[in-house]
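Participant: Here it is, the structure in full.
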Amino acid sequence: MFGMNKIAAIIILAFFAAACGGNAKKQQETATQKATLQTEALPDNSDWEEIHASIAEIESFDGTRILESGQGFFVGNNLLVTQYSLVSQATNVKVKPFNENKTYTADKFVAFDRINDLIILQVDGIDRNPIQLFEGSLPNFTKSMYVAPKTGKTIQLFSGKVLNLANVKGSRLYRLSNVIRKSQFGTPIFTADKKAIGVAYSATVDYEMQSFAIPSVYISDMLKKQKEKPESLAALSVNANAETAAENAKIKGIVLETDAGNITLQLFNETPEYRDNFIRLAKEQYFDSLLIHRVIANFGIQSGAADTRYAEPGDNVGWKGPGYTIPAHIIPGLYHKRGMVGSPRKPDTANQRRRSDGSQFYIVSGRKYFDNELDEIEKQNDYKFSAEQRQVYKTIGGAPHLDGSYTIFGKVISGMDVVDKIAKVETDQRWRPVKDIRIKRVRILK
């Protein structure tokens, strides 16, 4: 037995020796392969040097507090485009081009598009060749690529494909196979001939992280409409300064030019933050081309959702705002009689502070109520109607179930016949009109 054990031990030792020898041989081969790879020529992307110099890393700041980081690219000698959401709360932005260590400051802008999430910053003290923008629509599966900072002396290019041009959450976007990480938000995506398809970012859609490019056609439109005199980033603040608020208080009315006719609103000075917000968005042309996306019989009509500008038939819309909400401001004495303008919001279960949507609004067409109906609403909502309210709801009508819970900030002074006409149109099961009705533009009466 001992002899057999000794023989077995020798065999086992021999096996391990062979295995170790094999591993050593494999390690030597791997090391040789690595050495060979290191001596092979790296891809020559030197023809992208000029493009590389016109892309920059950015960091946005509120004073000295850093907010967001990402990238941008030059579309003018000192004009850099990036995502609006990266800088919307900033007082200044630090810009560091890919090809140098120097940092520049941008605290002004010449154009922005809140709905398409784009802004063009003016960067002082720099002069770069603008990146050429692609005009038109790309066919599916066009090669797409983005540029990364250098590793050593080599420019890194990462390739993918443009999958399609899609309507995603109310925005027209190129869907990409490229993987875009948070630090790359704002970077340009290129065609093979070095034209920028658009501004890249990623988001979760249908429970999956996907990459997109905001089409360059929107950048071209912004460049055509850029301001002659740059404005401070502080002008993007949601809150109006005292001078602007004083001017807004004198405005006589707001005209909604719709496919069905004109509706003129008066905004209340009792709710200045809502008045100033609505006027600011109107000046930005934010409401132009948006759908009247919700029509409810015996209640009213609703508009102002950012995801309706490019909405196609059958799309479920009405979920996208301007990126912020507004604190509730419920004024005693203002109630939802016919013709009132109010601000919708998420339900109490998801919105305990009852903050209003930043851009959506409704106009009450309503209906008349009986005393017993008003009594029931009082019990359900723990709210007491005044004698005046009861009389108005019984003779003129309105939407009493919203009183005390939703902010009212204006009223219709002309065009209730248009509201009534819209309130009678055919809708689908989500209350969207079967035939689209849009706000063509909004005019301010001074």
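The values are calculated or read from the model by the stated rules, or taken from the named source; none is laboratory data. What you see is a predicted model; the values in this text were computed from it and never measured. Every residue, glycine as well, gets a Cβ built from its backbone with ideal geometry; the counts of neighbours run over all protein chains shown.
Participant: Would you say Glu208 is in contact (Cβ under 8 Å) with a residue 60 or more places away in the chain, loosely packed, with under 14 Cβ neighbours inside 10 Å, under 30 Å from Pro313 (Cβ atoms) and in the same structural domain as Ile51 (by TED's automatic domain parsing)?
Facilitator: No, not satisfied.
Participant: Then there's this: Restricting to region 257-279, and then to whatever is in contact with a helix residue (DSSP H, G or I) (Cβ under 8 Å, 6 or more places away or on another chain) and part of a loop (DSSP other than H, G, I, E, B), can you tell me which residue is surrounded by the most Cβ atoms within 10 Å (Cβ to Cβ)?
Facilitator: Top of the filtered list is Ala260.
Participant: A follow-up question, please. Going by what's in this entry, would Pro130 be described as within 29 Å of Asn99 (Cα to Cα) and either in the same structural domain as Asn316 (by TED's automatic domain parsing) or at pLDDT below 95 (or both)?
Facilitator: So Pro130 fails the test.
Participant: Right, something else. If you check Val168 against the conditions, is it modelled with pLDDT under 95 and surrounded by 15 or more Cβ atoms within 10 Å (Cβ to Cβ)?
Facilitator: yes
Participant: Right, here's the next one. Lys143: surrounded by fewer than 15 Cβ atoms within 10 Å (Cβ to Cβ) and basic (Lys, Arg), yes or no?
Facilitator: Spelling it out, Lys143 is indeed surrounded by fewer than 15 Cβ atoms within 10 Å (Cβ to Cβ) and basic (Lys, Arg).
Participant: Would you list the strands (runs of 3 or more DSSP E) that sit entirely within region 40-116 and hold 1 or more residues that are without any contact (Cβ under 8 Å) to a residue 24 or more places away in the chain and surrounded by fewer than 20 Cβ atoms within 10 Å (Cβ to Cβ)?
Facilitator: Per the criteria, 65-76, 104-106.
Participant: What are the pairs, 6+ residues apart or on separate chains, where a residue within region 235-247 that is of a type in the set (Val, Ile, Thr) has its Cβ under 7 Å from a residue that is in a helix (DSSP H, G or I) and surrounded by 11 or more Cβ atoms within 10 Å (Cβ to Cβ)?
Facilitator: Every condition considered, the pairs that remain are Val238/Asn277; Thr244/Asp276.
Participant: Could you grab me the full set of residues in region 122-172 that are within 22 Å of Ser54 (Cα to Cα), assigned to a loop (DSSP other than H, G, I, E, B) and basic (Lys, Arg)?
Facilitator: Answer for region 122-172, where residues must be within 22 Å of Ser54 (Cα to Cα), assigned to a loop (DSSP other than H, G, I, E, B) and basic (Lys, Arg): Arg128, Lys153.
Participant: Within region 237-255, is there a residue that is surrounded by 23 or more Cβ atoms within 10 Å (Cβ to Cβ) and either at pLDDT 95 or above or out of contact with any Gly (no Cβ under 8 Å at 6 or more places or on another chain) (or both)?
Facilitator: no
Participant: Is it the case, given these coordinates, that Ala203 is of a type outside the set (Val, Ile, Thr) and either farther than 21 Å from Gly323 by Cβ or in contact with a His (Cβ under 9 Å, 6 or more places away or on another chain) (or both)?
Facilitator: Against the criterion (of a type outside the set (Val, Ile, Thr) and either farther than 21 Å from Gly323 by Cβ or in contact with a His (Cβ under 9 Å, 6 or more places away or on another chain) (or both)), Ala203 does not qualify.
Participant: In addition: Of the residues Glu273, Glu231, which is assigned by TED's automatic domain parsing to the domain that holds Ala106, in contact (Cβ under 8 Å) with a residue 12 or more places away in the chain, under 30 Å from Phe61 (Cα atoms) and not small (Gly, Ala, Ser)?
Facilitator: Answer to the selection: Glu231.
Participant: Mind listing whichever residues of region 388-435 are part of a helix (DSSP H, G or I) and of a type in the set (A, V, I, L, M, F, W, C)?
Facilitator: Once the filter is applied, which keeps residues that are part of a helix (DSSP H, G or I) and of a type in the set (A, V, I, L, M, F, W, C), region 388-435 yields Val392, Leu402, Met416, Val418, Val419, Ile422, Ala423.
Participant: I'm checking my understanding of the structure. Among residues of region 377-405 that are among the hydrophobic types (A, V, I, L, M, F, W, C) and touching a residue at least 60 places away in the same chain (Cβ under 8 Å), which one is nearest to Val364 (Cα to Cα)?
Facilitator: Ala399
Participant: State whether one or more residues within region 400-408 are out of contact with any Pro (no Cβ under 7 Å at 6 or more places or on another chain), farther than 16 Å from Met340 by Cβ and small (Gly, Ala, Ser).
Facilitator: No, every residue in region 400-408 fails to be out of contact with any Pro (no Cβ under 7 Å at 6 or more places or on another chain), farther than 16 Å from Met340 by Cβ and small (Gly, Ala, Ser).
Participant: Looking only at region 184-193, how many residues end up being modelled with pLDDT under 95 and of a type outside the set (Asp, Glu)?
Facilitator: The number of residues fulfilling the criteria is 1.
Participant: Of the residues in region 76-101, how many are of a type outside the set (Asp, Glu), over 16 Å from the mean Cα position of the chain (by Cα) and over 20 Å from Arg65 (Cα atoms)?
Facilitator: Here the count works out to 9.
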